[in-house]
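None of the figures in this text is laboratory data; all of them are computed from the coordinates on show. Not measured: the values here are computed from a predicted model. Here the Cβ positions follow ideal geometry from the backbone for every residue, glycine too, while neighbour counts run over all protein chains shown.
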Amino acid sequence: MSAREEILARVRAGVGKEDAAGRRITAESWLAARHCGPQPVIGSSLVERFRSKAESLASTVATVVDLAAVPAAVAEFLALNQLGTTAVLTPECAAGDWAAAGLTVSARSAVDADLVGISGCFCAIAETGTLLLLSGENSPASVSLLPETHIALVPVGRIVATMEAAFALLRAERGTLPRAVNFVSGPSRTGDIEQTIVLGAHGPCRVHLILIGDIA
């Protein structure tokens, strides 16, 4: 055995690399245990925590009592901000009387020309005011990424406390990850130029959240 081979053999033995099967079992056991580190105290109201954090990230927030009220709430927001009456939405959000609210919507993936995108979310995270979005046939990721304005529908029953809780919900309900998992924390932003925050650098410059359900 050469000196090089002897040194590498000692390194492999020192890190336990000779027992690859044993190391794999140890790693899989650790992952299966789902160890959680320290987590913040969120408080009793996940909705209020989520709303406060989302607004601190420059998102705007509105509330409605049920899904039937969503089209009117979207129309009100678009009119207030002079954003027109046309939008692209994910197929999962197509239900609703959008025409009665004076809106023209298309259920499809977004393209560069789309200025307003409406999507749902898998869940929302109260800890950070973040949306968790999953890609899929009924929830194309482009709708939340390409348009200048992203409107997200957030059922209050889908607000969880922490990132760990969000991943636990994802494992419980989906089992496997989709092609893309996106976390949205307010409008896209950058501070690359003279440390001045600019919104909309790499995605939507405006994020509006509509909370659906009883928030009392």
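Counting other C-beta atoms within 10 Å, which of Leu31, Leu133, Leu8 has the fewest, and how do the rest follow?
Ordered from fewest to most neighbouring Cβ atoms within 10 Å, Leu31, Leu133, Leu8 come out as Leu31, Leu8, Leu133.
Pop the C-beta distance of Leu67 and Trp30 into the FRET formula with R0 = 41 Å and round what comes out to the nearest 0.05. Mind showing how you got there, number by number?
Details: r = 42 Å, r/R0 = 1.01.
Working from the Cβ atoms, E equals 0.50.
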>> Between Ala62, Ala168, Ala13, where does the largest GNM mean-square fluctuation fall for the chain, given springs only between Cα atoms within less than 10 Å?
In response: Ala13
>> Just to be sure I understand: if I project the alpha-carbon convex hull of the chain onto a plane and average over all orientations, what area do I get in nm²?
In response: 17.9
> Across the stretch 141-147, in residue order, what do the Karplus-derived ³J(HN,Hα) couplings come to in whole Hz, using 6.51 cos²θ - 1.76 cosθ + 1.60 with θ = phi - 60° and x for Gly and Pro?
Replying inline: 5, 4, 5, 8, 10, 7, x
> How large is the dipole of the chain about the Cα centre if only Lys and Arg carry +1 and Asp and Glu carry -1, each at its Cβ, rounded to the nearest 20 debye?
Replying inline: 700
>> If I model a spin label at His202 and Asp19 as a point 7 Å from the Cα along the Cα→Cβ vector, what separation in nanometres do I get?
In response: 4.2
> Roughly what % of DSSP beta bridges within the chain run antiparallel, to the nearest 5?
Replying inline: 25
>> With loop defined by DSSP as not H, G, I, E or B, and exposure as at most 14 other Cβ atoms within 10 Å, which is the longest segment of the chain clear of exposed GluC sites (Glu not before Pro)?
In response: 19-136
